[in-house]
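Only one structure is covered here, and it is reproduced in the block below.
Please treat every number below as a calculation from the coordinates, not as lab data. Treat the numbers as computed from the prediction; the structure is a model and nothing was measured. Quick reminder, even Gly has a Cβ in these numbers, built from the backbone with ideal geometry, and neighbours come from all protein chains shown.
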Amino acid sequence: MTVAARPVIVVVGAGLGGLACVGVLQRHGVEVVVLERDEGPRARPQGGMLDLHEESGQAALRAVGLEDAFRASVLPGGEAMRVLDPRGRVLVDEDDDGDRPEIPRETLRDLLLAALPAGTVRWGCTVRTVHPLAGGRHEITLAGGEVLVSDLLVGADGAWSRVRPLLSDALPAYSGVTFAITRLRDVEVRHPGAAAVVGGGLMFALGEGQGLIAHREPGATLEVYAALRLADPGEMAGLVVDGLLGRFAGWAPELRALIAEADERFVPRAIHALPVGHTWERRPGVTLLGDAAHVMSPFAGEGANLAMQDGAELARLLLEHGITGAEGRERAVTAHEAAMVARAAPAAAESAANLDVAFGPDGARALHEVMLAHQP
């Protein structure tokens, strides 16, 4: 008797979405190859705090079996939010209601990695080229010359995906807003004024087409984003502390302290987004999820949540439709793409609209009005 070979499923990218997909599949006995260009999980910073939503990020963690571990790792009080104007006047001051718990992105990724068998993620594997073969298979050549052939290729490799060109010519476009990111540490002792103005969770100080955004992290740390509208995001690299303080001249001293008292150098990050409703013609043997499919600005709080939901739902559909046969995989991927586009499009539209609101001439007041309009 001839035993059919197991399909080779290759996920490119060991971010939250890819790991959620792999976690669900491996929990049901499906082996997956994960290619990640980073040399290891600590090769670069993973970003700041994430609020996980019940219907998306939290649902994905339940599917992977990590809900209890997640609950044990959330930041108490981290869901609180404040909105201030440039003078430091508080327009919004909301307590943590527990609906969307906050967790550091790095901690969340560690939980997902720890749930996988050793060796699932192949670190230090940069995809150089991908070529379609017959029957929906793909030849993947790594930077070191190694060649793999997939039966199903999943692009979970972020905004600048190497897999997306197989499906779409779209590229993320610059939003016009660039962040400069830093941290303040031991804030209760060394930066009490900054700690007080931020509060226990997330703070937006907005106005004049720019903003200061800060978030509590574990260990008495604040992550701070100085955000500017810039025609050329490269301008941010030339703005050190004095240059940034000049951009926020006239703002309240306790807000400017978030820049002046920075304990780390400022790291520029230009905000990019794919077109709202980004879609593509279905092609066999390959699909996308997360930022590779629908990268958006962070101003809807949906990116990581959607990526994890994409991954968990793709895995569920593959298990439901039959992962061993090409027809079943195609049915699953077709359903995945239709559902993913449908849920990502409104979130992308909201994130683009909120970015424009936040970085308008009176961002704090305008954001407050948007929040009031969304209250039940």
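Model label sites at Arg71 and Val267, defined 7 Å from Cα along the beta-carbon direction, differ in position by 3.2 nm. For the pair region 142-172 / region 20-46, the C-alpha centres are spaced 15 Å from each other. Computed from the Cβ-Cβ distance with R0 of 25 Å, the FRET efficiency linking Val341 to Glu54 stands at 0.70.
Extending 7 Å from Cα along the Cβ direction at Asp99 and again at Asp186 yields two label points whose distance is 3.9 nm. Each of Asp362, Asp242 was scored by other Cβ atoms within 10 Å of its Cβ. Listed from fewest to most, they are Asp242, Asp362.
Scanning the chain for DSSP H helices at least 15 Å long along the axis (C-alpha atoms) with a Kyte-Doolittle mean no lower than -0.5 picks out 16-27, 303-321, 326-358, 363-374. Using Cβ point charges alone (K and R +1, D and E -1), the dipole size of the chain about the Cα centre works out to roughly 900 debye. How much FRET efficiency would the formula 1/(1 + (r/R0)^6) give for Gln375 and Leu113, where r is the Cβ-Cβ distance and R0 is 41 Å, rounded to 0.05? The computed FRET efficiency comes out at 0.60. Note on Glu146 and Glu320: the extension gain reaches 59.4 nm, defined as 0.36 nm multiplied by sequence separation minus the Cα-Cα distance. Here the residues His294, His278, ranked from fewest to most Cβ neighbours within 10 Å of their Cβ, fall in the order His278, His294. Could you tell me the distance between the Cα centroids of region 300-376 and region 180-239, to the nearest Å? For region 300-376 versus region 180-239, the Cα centre distance is 26 Å.
Mean projection of the Cα convex hull over all viewing directions, computed for the chain: 19.3 nm². Between Thr334 and Thr126, the modelled labels are 3.8 nm apart [label points 7 Å from Cα along Cα→Cβ]. Descending by average beta-carbon neighbour count within 10 Å, the peptides 364-374, 202-212, 172-182 line up as 202-212, 172-182, 364-374, the highest first. Applying 0.36 nm per residue to the separation of Ala260 and Asp242 and subtracting their alpha-carbon distance, the gain on full extension is 5.7 nm.
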